[in-house]
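See structure below.
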Amino acid sequence: MKVYIEPIGKLINEFSKLPGVGAKTAQRFAYKVINMSEEEAKAFADAILNAKKNVKYCKTCGNFSENDECDICRLRQAETICVVKEPKDVIAIEKLNEYNGVYHVLHGTISPLDGIGPDDIDIKGLLARIAKGGVKEVIMATNPDVEGEATAMYITNLIKPLGIKVTRIAHGIPVGTDLEYADEVSLARAFVDRKTI
């Protein structure tokens, strides 16, 4: 005996394909959609299709854009390039309102265990941008995990010989954390990245 009728089962199955959505959450999402008015359901479906149709990658930096070039690349000076793994990292940094340079989205990190090498992410695009001239600093803002660190070091080794300043975002203890509860890697990183006050 089937637990769900076919339309509900298909909807739950589609929601469960989303990252971080388990069976219970997918079921809740499906029930929510079924209980929407027809207008709400249509607006939801239209939003998905509209995003899929109209969101593309910026030809310069690889960030999400509605046009060939994103507003950040169009409006900002390219003296400083912040290198990130994914477009969602750009959004996280932009929310800070602290950085006014441009970005370069790699669309992944080097991960030999997953079969992802330097040619599988957009390092060539970054090097091409640097070759055009005018870049004074490259900020490596990849995640502080093994893959992110390996990617940052690989790119740093390519860029440093070009005479361009390469920096890495600091990592360490989050604000409000007691030292006794900090993991060893974060605590060690906090000591390495310490600064003068």
Meets criteria (under 18 Å from Asp89 (Cβ atoms) and among the polar types (S, T, N, Q)) for Thr167: yes
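Is it fair to say Ile91 is over 30 Å from Thr156 (Cα atoms) and either at pLDDT 95 or above or β-branched (Val, Ile, Thr) (or both)?
Values: over 30 Å from Thr156 (Cα atoms): no; either at pLDDT 95 or above or β-branched (Val, Ile, Thr) (or both): yes.
It is false that Ile91 is over 30 Å from Thr156 (Cα atoms) and either at pLDDT 95 or above or β-branched (Val, Ile, Thr) (or both).
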Residues located in the range 72-90, provided they are among the acidic types (Asp, Glu) and more than 21 Å from Lys136 (Cα to Cα): Glu86, Asp89
Yes/no for Arg74 being open to solvent by 80 Å² or more (accessible area, probe 1.4 Å), closer than 26 Å to Glu94 by Cβ and not in a loop (DSSP other than H, G, I, E, B): yes
Some residue of the range 157-177 being open to solvent by less than 50 Å² (accessible area, probe 1.4 Å), under 20 Å from Cys61 (Cα atoms), in a helix (DSSP H, G or I) and at pLDDT 90 or above: yes
In the range 15-51, residue least open to solvent (accessible area, probe 1.4 Å) [restricted to those that are among the charged types (D, E, K, R) and under 26 Å from Glu66 (Cα atoms)]: Asp46
Cross-chain or 6+ apart pairs with Cβ under 6 Å, the range 32-54 first and more than 18 Å from Ile8 (Cβ to Cβ), then not in a helix (DSSP H, G or I) and not β-branched (Val, Ile, Thr): Asn54/Glu66
Meets criteria (open to solvent by less than 80 Å² (accessible area, probe 1.4 Å), at pLDDT below 95 and among the small types (Gly, Ala, Ser)) for Gly62: no
Cross-chain or 6+ apart pairs with Cβ under 9 Å, the range 114-128 first and under 14 Å from Thr151 (Cβ atoms), then polar (S, T, N, Q) and assigned to a helix (DSSP H, G or I): Pro118/Thr151; Ile121/Thr151; Ile123/Thr151
Residue in the range 81-96 that is in a loop (DSSP other than H, G, I, E, B), under 30 Å from Glu149 (Cβ atoms) and open to solvent by less than 90 Å² (accessible area, probe 1.4 Å) present: yes
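Per-residue answers, yes or no, for (1) farther than 21 Å from Val185 by Cα; (2) among the aliphatic types (A, V, I, L, M); (3) surrounded by 13 or more Cβ atoms within 10 Å (Cβ to Cβ):
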| position | (1), (2), (3) |
| --- | --- |
| Glu98 | yes, no, no |
| Val102 | yes, yes, yes |
| Pro112 | yes, no, no |
| Asp119 | yes, no, no |
| Lys124 | yes, no, no |
| Ala141 | no, yes, yes |
| Ala152 | no, yes, yes |
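The values are calculated or read from the model by the stated rules, or taken from the named source; none is laboratory data. None of the values given here were measured: they were computed from a predicted structure. All Cβ positions, even for glycine, are placed from backbone atoms using ideal geometry, and neighbour counts span all protein chains on display. The accessibility values were calculated without ligands, DNA or RNA, using every heavy atom of the protein model including side chains. Shrake-Rupley method; radii C 1.70, N 1.55, O 1.52, S 1.80 Å.
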